[in-house]
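Notes follow once the structure below has been shown.
The values are calculated or read from the model by the stated rules, or taken from the named source; none is laboratory data. A quick note: this is a predicted structure, and the numbers were derived from the prediction, not measured. All Cβ positions, even for glycine, are placed from backbone atoms using ideal geometry, and neighbour counts span all protein chains on display. Please note that ligands, DNA and RNA were not included when accessible areas were found on the heavy atoms of the full protein model with its side chains. Shrake-Rupley method; radii C 1.70, N 1.55, O 1.52, S 1.80 Å.
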Protein chains: 4
Amino acid sequence: MTQIKNIGLFTSGGDAPGMNAAIRAVVRSAIYYGIEVTGIRRGYEGMIKGDMFPMDRKSVSNIIQRGGTILKTARSEQFRTKEGRQLAYDQLKKNNIDALVAIGGDGTFTGARIFGEEFDIPVVGLPGTIDNDLCGTDFTIGYDTAINTVIDAVDKIRDTAESHDRLFIVEVMGRDSGLIALRTGIAAGAETILIPESKTDINAVFERLEKGRKDKSSKIIMLAENGKDGDAFEVGRQIKEKFPNYDTRVSILGHIQRGGRPSCMDRVLASRVGVAAVEALRNGHRNEMVGLIHNEIAFTSFEHAIKHNIDINPDFLKIVEILSI
Amino acid sequence: MTQIKNIGLFTSGGDAPGMNAAIRAVVRSAIYYGIEVTGIRRGYEGMIKGDMFPMDRKSVSNIIQRGGTILKTARSEQFRTKEGRQLAYDQLKKNNIDALVAIGGDGTFTGARIFGEEFDIPVVGLPGTIDNDLCGTDFTIGYDTAINTVIDAVDKIRDTAESHDRLFIVEVMGRDSGLIALRTGIAAGAETILIPESKTDINAVFERLEKGRKDKSSKIIMLAENGKDGDAFEVGRQIKEKFPNYDTRVSILGHIQRGGRPSCMDRVLASRVGVAAVEALRNGHRNEMVGLIHNEIAFTSFEHAIKHNIDINPDFLKIVEILSI
Amino acid sequence: MTQIKNIGLFTSGGDAPGMNAAIRAVVRSAIYYGIEVTGIRRGYEGMIKGDMFPMDRKSVSNIIQRGGTILKTARSEQFRTKEGRQLAYDQLKKNNIDALVAIGGDGTFTGARIFGEEFDIPVVGLPGTIDNDLCGTDFTIGYDTAINTVIDAVDKIRDTAESHDRLFIVEVMGRDSGLIALRTGIAAGAETILIPESKTDINAVFERLEKGRKDKSSKIIMLAENGKDGDAFEVGRQIKEKFPNYDTRVSILGHIQRGGRPSCMDRVLASRVGVAAVEALRNGHRNEMVGLIHNEIAFTSFEHAIKHNIDINPDFLKIVEILSI
Amino acid sequence: MTQIKNIGLFTSGGDAPGMNAAIRAVVRSAIYYGIEVTGIRRGYEGMIKGDMFPMDRKSVSNIIQRGGTILKTARSEQFRTKEGRQLAYDQLKKNNIDALVAIGGDGTFTGARIFGEEFDIPVVGLPGTIDNDLCGTDFTIGYDTAINTVIDAVDKIRDTAESHDRLFIVEVMGRDSGLIALRTGIAAGAETILIPESKTDINAVFERLEKGRKDKSSKIIMLAENGKDGDAFEVGRQIKEKFPNYDTRVSILGHIQRGGRPSCMDRVLASRVGVAAVEALRNGHRNEMVGLIHNEIAFTSFEHAIKHNIDINPDFLKIVEILSI
């Protein structure tokens, strides 16, 4: 059992629904095990500036259901430098912090990995990103909420698309990953899905529209951001050119995907890995992300977690094709 | 009591949540009063093409809660011509339709007015548009749902804005009216609101941002579409230029505002004016819109309804200023 | 202009969504006009105990969208006594509070009226209750949210009722008022509505069920609590006895009706009357409730506001009958 | 490859959100593979009565997002008899149905198993129940939606509980399983959870309340229905007796848990197993349920699927204890 006395806790990178549930879980389980918790505001930026405060069990009352992160988040240029990280480490020492829990995505863990190697401080990570683009966990905190937010929005779009017999290109987030587009495409009954990982491109969309049923009163094309065919406006432009008869519209869902009350599954996931993170630090883990694989707690080195070789299940694309007939 | 035997019912123009509740109310109250109902698909377009079908009370079962319109909607170029309208009238006669209920906004009523003057057929209108830009009713069917959809979205955006200390420009619908932006701006706790009707412009936004509290962790600027300062991207560009220190983002909510399950108030409004429309036809009304003023059924000539001189309550803008301190 | 220096602000009675929006509006507009605000926790109870704290504009940041009341609420037996009220007044004096804004319903205003007569302190009230049972305002803060919550719930119940061909008795809140049941009954497409104000009773329900269409796959009966025919279990028991062929179920929606993010209209209402309350105190108003009638700010004496002679629009019951054919 | 020509499709038992998504998936994938589909209304009851109709790809348009089941569901006493099952089989033959897809829970599969043994017809099942009480799938269709519905409701209850400093006993569904209570208890931040599977009882609740933090402004106790300590009213009565100082309230969420738009995950699950069911029939599977284990399609004999020995992860109860400090 490693003797940890004071855990520094922060969120970093893009915010995700469920981060507050994870914060609550870390704070309460630390206190449960007799460990103090210091909240660090705005990620590495706040660490460098020493923007820290002691947290108690009441600090996290009534936050499990809130979107965003009460610890706020930011990106830090300074932390990318050796000097910045030294400043951060000095602040941690000054505040008697002897372990860290980092909630975030791959940028967060890239920083955490370097920091954990340069300085003698155990760091454990929790997967907090709507993009679901980390290895070592079936789902990241925020993904389930984000896909439900997308579905709510596309169901609304479907109402108006049906009324007007329209085709909509709906662009969703995901950074370099098509995982949000993939599941929401199935769940929204999309005609086809364009994601960065697939070899298909705009021509596959054309083909699908040509072969597809003509008597459908609405069509949704789900597009992941940052694909090789351009954004929704560009894809829309090409479809309009090729299919002038369609009444084609574009909707970029944008930042609504980052907010909102976390779903039940995101809260449960955040609670489980939050408790496990504190227990992991007590058990001597370091430089690892705590995830959930096959419904069991799993540890993955930061190095592996950020590898980004998430495979796209080819069945999913087949299902979209079958179900949109 | 005018002897009406068969009401032709259609939705036209942009769809709005609650149109189905209005359709249900018209169909059921007509049947209640012993009148037949013929559904006309895709507004004036379907009227010209004779795309019609008899509706019974089961045709409208379980639709009160659905967004969109089961009668579908469209815009018709042909109906703008005398020839088109003659074709439409011939189809009505062919189908023994001797009265019309038109659900839509000002384009719909412009057509209805001309049609009702050219041909001897009573037409009554129901205000169905999310924009709330009709005279003769306190609220239009769809407005209440749309502003709640906007609020849901902006609450989500607020979550992420708070986490990142960001300023968001949120663009909402309204065509030429700022009424969606106005109420949602108050309800979202916006810093300021830019609407077509106000004399203020982007400089008022600049001033507000300069005078405003610097320690706020997030700021929302609510922008109505089609304003004189350009769309959200343009306004965002100008704010970024003037306030480079703000982390400024843009969100255009788009077509999600048109869909979704109608709110309770929209369903009640649609049900009340739907019943009243049938009773009005029986009582000899024609060329009028049925609205709700001060919670009572009110009739307004189509001519007056589409006048578009909706006054913006100046108190609302004052309230935004006071409450965003 | 009355010179008010420090407003004591509290919520009392049953909580309602939008109370936080009202709190925010009072605090910010007071500060805008150079007046201090003292928050009083748990209504009259906290007033007696001196449970008070200064509020600034940041105290009410990011609360406009939250259900419940950050000032908490309670019922106070002690305040019903002269001694209790004297203690309360002493505490106000001790804290230099020279005016009060009370957010609540008729219990709150009954207390406020007596207090304002006994002691020389201006009191202004804001209508905060989901029941909509106050005179002097078209709607109370919380009503619109509550009816939308009911509709969300009944839409879900309708899904399962349709699948199983069931009849559901749904009991909603309202204390002695049927206003929640009335609008939600229309909006949910209820078969019939049982409310305390109507002369109809369980026999009217029987009659309706006998005359009604037999081929309907689901039926909803909307029941206001505290009616003369008993609660939903009792009404359900009688229906089962009379109509053994129906698969009859009961659902009491309960306290979910009190919570949740306030609707757009509730936030706008709360914001408008909140600002108006502060302006009213400055203009010398006292012993009045600030409401909204026909979309304009209106003042009503506490005495009149709590009179409870809210008329039920008979058209509403007619509409339910027509639309459920 | 087994030559299947016409699949009979039905839903049975309690309805669950996502059943329509499953229906859509079965119909469209059957058609994709050149197989006809016959819809059977009201489960085994409709099978016996021959209440059947041919389905095409348009029959399932725009239903993926709807709660309930368009095929309706019922329980059948007659199917429990040999004679009833013979009638059902005769109807299938008459309608040229040579395979069945059954969507439901353990009652459905109990019937399917017997039927599939008695008669020479391949039957494949899809897990459709909110209770998540089947072996052979990580989650059942409807569970994810139901737990989100519970969370939405409890978040609302939390709002009012916080405002009034109350303790709420919230009763959720689950038949004999505590799985709904378990995950929602964690996600709602419950004080403690009472489920049929746990050895703990009301005394554990008493102990928890005695040891727990006294300064908490609200407490939620999550109770699964059909537990050994009685329903929420009985548990509430005992708590009131033991802790008269608490302001204790009861909420039974009831049938709202069965309805509503299915969550993204439920739609994806339903779509995947729906496609797999048709492929399974083509590949000669029979008497098996198609589930998803570790994100992969998995087949389980009906006999095993209904065994009901779902283990409760003890970590979950530990987590509730830790996080409610």
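Out of (1) open to solvent by 40 Å² or more (accessible area, probe 1.4 Å); (2) over 23 Å from the mean Cα position of the chain (by Cα); (3) without any contact (Cβ under 8 Å) to a residue 12 or more places away in the chain, what's the single condition that is false for D:ARG282?
(3)
What number of residues within region C:129-141 are surrounded by 24 or more Cβ atoms within 10 Å (Cβ to Cβ) and within 11 Å of another protein chain (Cβ to nearest Cβ)?
1
Consider B:GLN238 against the criteria (1) modelled with pLDDT of 95 or more; (2) touching an Asp or Glu at 6+ places or on another chain (Cβ under 7 Å); (3) of a type outside the set (Gly, Ala, Ser): it satisfies all of them except one. Which criterion is unmet?
Here B:GLN238 meets the rest and fails (2).
Just checking, which of D:GLY185, D:GLY174 is within 30 Å of D:CYS264 (Cα to Cα) and in a helix (DSSP H, G or I)?
D:GLY185
Return the residues of region B:230-272 that are within 24 Å of the chain's Cα centre (by Cα), more than 30 Å from B:ILE70 (Cα to Cα) and charged (D, E, K, R); say none if nothing qualifies.
B:ASP231
For region B:314-325, what are the residues that are without any contact (Cβ under 8 Å) to a residue 24 or more places away in the chain and open to solvent by 10 Å² or more (accessible area, probe 1.4 Å)?
B:PRO314, B:ASP315, B:LYS318, listed by residue number.
Run D:GLY260 past the list (1) part of a strand (DSSP E or B); (2) over 19 Å from D:VAL37 (Cβ atoms) and report the number of the one that doesn't hold.
The number of the failed condition is (1).
Wholly within region C:30-122, which strands (runs of 3 or more DSSP E) include no fewer than the required count, namely at least 2 residues that are away from every other protein chain (no Cβ under 14 Å), under 26 Å from B:GLU321 (Cα atoms) and out of contact with any Ser or Thr (no Cβ under 8 Å at 6 or more places or on another chain)?
Because the criterion is at least 2 residues that are away from every other protein chain (no Cβ under 14 Å), under 26 Å from B:GLU321 (Cα atoms) and out of contact with any Ser or Thr (no Cβ under 8 Å at 6 or more places or on another chain), the strands (runs of 3 or more DSSP E) in region C:30-122 that meet it are C:36-40, C:99-104.
If a residue has to be within 19 Å of the chain's Cα centre (by Cα) and open to solvent by 50 Å² or more (accessible area, probe 1.4 Å) to count, how many in region B:285-295 make the cut?
3
State which residue is farthest from the other protein chains (Cβ to nearest Cβ) when the search covers only region D:150-176 and only residues that are under 20 Å from the mean Cα position of the chain (by Cα) and open to solvent by 10 Å² or more (accessible area, probe 1.4 Å).
Ranking the candidates gives D:ASP176 first.
Looking at D:GLU191, is it more than 18 Å from the chain's Cα centre (by Cα), buried (at least 22 other Cβ atoms within 10 Å of the Cβ) and more than 16 Å from A:SER263 (Cβ to Cβ)?
Criteria met by D:GLU191.
Looking at the structure I just gave you, is D:LYS82 within 26 Å of D:THR145 (Cβ to Cβ), over 17 Å from the mean Cα position of the chain (by Cα) and open to solvent by 50 Å² or more (accessible area, probe 1.4 Å)?
No.
C:GLY104: closer than 30 Å to C:GLY84 by Cβ, in contact with a strand residue (DSSP E or B) (Cβ under 6 Å, 6 or more places away or on another chain) and not assigned by TED's automatic domain parsing to the domain that holds C:GLN78, yes or no?
No: the conditions fail for C:GLY104.
Results for (1) on the phi > 0 side of the Ramachandran plot; (2) among the charged types (D, E, K, R); (3) open to solvent by less than 10 Å² (accessible area, probe 1.4 Å), shown as yes or no for each residue.
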position	(1), (2), (3)
D:ARG41	no, yes, no
D:TYR44	no, no, no
D:ASN62	yes, no, no
D:GLN65	no, no, no
D:ILE70	no, no, no
D:GLU77	no, yes, no
D:ALA88	no, no, yes
D:GLN91	no, no, no
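Matching residues to (1) small (Gly, Ala, Ser); (2) under 30 Å from A:ILE297 (Cα atoms); (3) more than 14 Å from chain B (Cβ to nearest Cβ); (4) open to solvent by 20 Å² or more (accessible area, probe 1.4 Å):
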| residue | (1), (2), (3), (4) |
| --- | --- |
| A:ALA204 | yes, no, yes, yes |
| A:LYS211 | no, no, yes, yes |
| A:ASP215 | no, no, no, yes |
| A:GLU234 | no, no, yes, yes |
| A:SER251 | yes, no, no, no |
| A:GLN257 | no, yes, no, no |
| A:ARG261 | no, yes, no, yes |
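Just to be sure before I move on: is A:ILE31 more than 24 Å from D:GLY189 (Cα to Cα), in contact (Cβ under 8 Å) with a residue 24 or more places away in the chain, open to solvent by 10 Å² or more (accessible area, probe 1.4 Å) and β-branched (Val, Ile, Thr) in the structure I sent?
No, not satisfied.
Can you say whether D:ILE121 is out of contact with any Cys (no Cβ under 6 Å at 6 or more places or on another chain), surrounded by fewer than 24 Cβ atoms within 10 Å (Cβ to Cβ) and assigned by TED's automatic domain parsing to the domain that holds D:GLY67, as far as the supplied structure shows?
yes
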